[in-house]
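Trainee: There's a structure below that I have some questions on.
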Amino acid sequence: MKFPNKFQTFLFILLTGTLISCTAKNEHSTPPSEPQEEMKQEVIRKDTLGLTVLYPLFDSIDLVCGEMPGKEDKRVILVAEAAYTGELLKEFQHKNIAGDHVSGGKLYKGYPCDWNTGAFIYYGKKWEFCPRDYAKKLNEAAQNGGAAFGQELLIYKGKRLETMRKDSGENQYRALCNEDGKLCVVESEGVLSLGDFKEALLELGVSEALYLDMGRGWNHAWYRDRGKVVELHPHAHDYCTNWITFYTISPTGKSQWEKP
């Protein structure tokens, strides 16, 4: 039998001790826990100048008609009443919406409304605010699978506009706005005159603003804050007919944070 020399014996003892030590550590150590992924923010909220400003980080927009989008639909991140409703009907009819409109890429006839001095147009991940005589734009939105509706245009190209709604009229107001290339929904924190609301929007930096229907029940809206639903005003009745609806950023999509 051949015996190992002293160096071989020392090396064997050293390797055996190291192996035992590593095995013991592995048996008693706990692997580090993986950091939990932070939930993505769907809507950025800013409270300033007596205004609540909501910037949806959206991938697409539609005008949903007939039934308000449900909170169980995780794709929806912001919903608010858009065009005016004519009569308090128990059954939904497109012709009960003020003005022609585009929903789900289809053009529908609404009732004539002189208060509609402008429109919001969306298709092909692009959006714009249009003044009167926007019928051609509605057709373009429908032909390209988009969405559109008419309303009172309060501000256009950075200038206040006169509307059938008097500037002295007091209410809690809400508008769909373009603020430095970012689309946002802006609501006054309380009751004020329409003129003061316009001035606050201009101070915020809004260049276009289209009114969104308000009043008891019509003001009911909601948005998501990192998965949690935040309601703006309680649900009061079922007579609302249409809602501008923002959908979440898809995994491969690009946020429409800025106007293309």
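Trainee: Would you kindly state how much longer the chain becomes between W115 and E67 on full extension, computed as 0.36 nm times their sequence separation minus their alpha carbon distance, in nm to one decimal?
Mentor: Values: separation 48, 0.36 × 48 = 17.28 nm, distance 2.40 nm.
14.9 nm is the gain from fully extending W115 to E67.
Trainee: Could you sort out which of K106/K198; K40/K198; K46/K198; K109/K159; K125/K182; K106/K137 sit more than 23 Å apart by Cα distance in this structure?
Mentor: Working: K106/K198 32 Å; K40/K198 32 Å; K46/K198 18 Å; K109/K159 30 Å; K125/K182 13 Å; K106/K137 13 Å.
Going by Cα-Cα distance, K106/K198; K40/K198; K109/K159 fall outside the 23 Å limit.
Trainee: Could you sort the peptides 221-227, 66-72 by per-residue average Cβ neighbour count (10 Å cutoff), highest mean leading? All intermediate terms of the calculation are to be shown ahead of the outcome.
Mentor: On the way: 221-227: 17.1, 66-72: 12.7.
The peptides rank, most packed first, as 221-227, 66-72.
Trainee: Let me know the Rg and Dmax you get for region 55-212 when you use only its Cα atoms, in Å.
Mentor: That works out to 15.1, 41 Å for Rg and Dmax.
Trainee: Also, quick follow-up: H94: accessible area at probe 1.4 Å, nearest 10 Å²?
Mentor: Accessible area, nearest 10 Å²: 50 Å².
Trainee: Still on this structure, please answer the following. Can you compute the modelled spin-label distance between A135 and T48, with each label point 7 Å from Cα toward Cβ, in nm?
Mentor: 4.1 nm
Trainee: So how do W127, W115 rank on accessible area, 1.4 Å probe, biggest first, that is with the largest at the start? List each step's numbers first, then the result.
Mentor: Values: W127 10, W115 90 Å².
Heavy-atom accessible area, descending, gives W115, W127.
The values are calculated or read from the model by the stated rules, or taken from the named source; none is laboratory data. In this text, all values refer to a predicted model and were calculated from it rather than measured experimentally. Cβ sites come from the backbone with ideal geometry, for glycine too, and all protein chains shown count toward neighbours. Areas reflect the complete protein model, heavy atoms only, side chains present, ligands, DNA and RNA absent. Shrake-Rupley method; radii C 1.70, N 1.55, O 1.52, S 1.80 Å.
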